[in-house]
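Structure, as structure tokens:
Throughout, read-outs are computed from the coordinates displayed, never taken from laboratory work. Note that the coordinates shown come from a computational prediction; the quantities given were computed from them, not determined experimentally. Every residue, glycine among them, receives a Cβ derived from its backbone with ideal geometry; neighbour counts consider all protein chains shown.
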Amino acid sequence: MGDVYAVVNQKGGVGKTTTSINLAACAALDGKRVLLVDLDAQGNATSGAGVDRSALTASMFDVMTASDPGESAELLHHIIAPTNVVGLDVAPATIDLAGSDLSLANSIAREMRLSRALAEVREEYDITLIDTGPSLGILTINALAAADWVIVPIQCEYYALEGLSQLLQVIDLVRSQLNPDLRLAGAILTMFDARTRLSFEVAEEVRANFPGRVYDRLIPRNVRLAEAPSYGQPVVVYDPTCAGAQAYQQVYEEMFADESARTGARPVGVDIVNEDAESGDIAGRGGSD
Ligand code: ADP
Ligand code: MG
């Protein structure tokens, strides 16, 4: 209980926000108390969950840049807003967050800001999901430092694996320097298009590189998933029977059916990175799990 999941991939447009919102909503519909932390200046998780960014007087920017940890935690409590989905709360982000890199540049323990702010709040929730932006900068490091698990959405497109070895190295670094308990929950294949051979090829390649760590259920390309945010609703609420909603529901079930099996599991990211440290890219790593 109280587990924190960071949804990370430094590429933009791969489905991080869609995944964060919908897994969070699935958990809430399942009766869990869920906190969705928006750690991307674009604030798409905030608006997608139906929270009006223009009405906010404080946001994750204030939490991340507060002068001391006690104040951060207090501010986090203060900014958390309920959504129309019972059980789902959001810690919202606005565009100010884009300036937090600068504000944090010379501050002490800047990588641990979120972790400290969440220390108490996380215990009020069964699950906390952190949506991150398209970079491996200080905000994403904060998300990794605060998390127990990493979820990596991977778009079934050309260059899907590009950048993943760098991401795994950063996870490894955070684990060794900041957060020894961090583990890879798994990769979620997104925007899968069954009409294209490419989608199948990418799915196969990702599975070869993350043996046993890719959720079986693929998220299809589905227009309802793209529409839902403009109604400020998770797709599992907007259109619960559409293919995209059902796919997220199934990934959610896999994720939590898997939870007990994962307890005590070895940290897979480390193995993938270290197994073949000589090789320059992720292709060719793994395969011995
Ligand atoms: P990220 O947060 O990684 O930048 P998003 O979740 O915002 O990615 O997704 C990028 C865009 O693709 C958004 O417009 C989103 O609505 C759309 N999208 C995401 N997943 C799907 C999908 N499975 N099918 C169709 N559109 C999708
Ligand atoms: Mg996003």
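Eigenvalues of the alpha-carbon gyration tensor of region 108-185, scaled by 5 and square-rooted, set the equivalent ellipsoid semi-axes at 23, 15, 11 angstrom, largest first.
Using C-alpha positions alone, give me the convex hull volume of the chain per residue in cubic angstrom. Present the calculation step by step, with values, prior to reporting the outcome.
Details: hull volume 34.2 nm³, N = 289.
So the per-residue Cα hull volume is 118 Å³.
With a Förster radius of 30 Å applied to the C-beta separation of HIS77 and SER135, the computed FRET efficiency comes to 0.65.
Extension gain, ASP148 to ARG53: 0.36 nm times the residue separation minus the Cα-Cα distance gives 31.4 nm.
Express in nm, to one decimal, how much length is gained between GLU201 and ALA257 on full extension, taking 0.36 nm for each residue of separation and deducting their alpha carbon distance.
On the way: separation 56, 0.36 × 56 = 20.16 nm, distance 2.71 nm.
So the extension gain works out to 17.5 nm.
For region 116-212, which GluC sites (Glu not before Pro) are in a loop by DSSP, counting at most 15 other Cβ atoms within 10 Å? The qualifying sites are GLU162. Normalised by the number of residues in the chain, the mean separation of alpha-carbon contacts (under 8 Å, six or more apart) gives a relative contact order of 24 percent.
The chain: longest stretch without exposed chymotrypsin sites (Phe, Trp or Tyr not before Pro) (DSSP loop, at most 14 other Cβ within 10 Å), sites themselves excluded? Write down the numbers at each step before the final one.
Numbers: sites that count: TYR158, TYR159.
Maximal segment without exposed cleavage sites: 1-157.
Calculated FRET efficiency, LEU102 and GLU123, Cβ-Cβ r, R0 30 Å, to nearest 0.05? Efficiency computed from Cβ-Cβ geometry: 0.40.
For region 40-155, the square roots of the Cα gyration tensor eigenvalues, ordered a ≥ b ≥ c, give a/c below 1.5, which places it in the rounded category.
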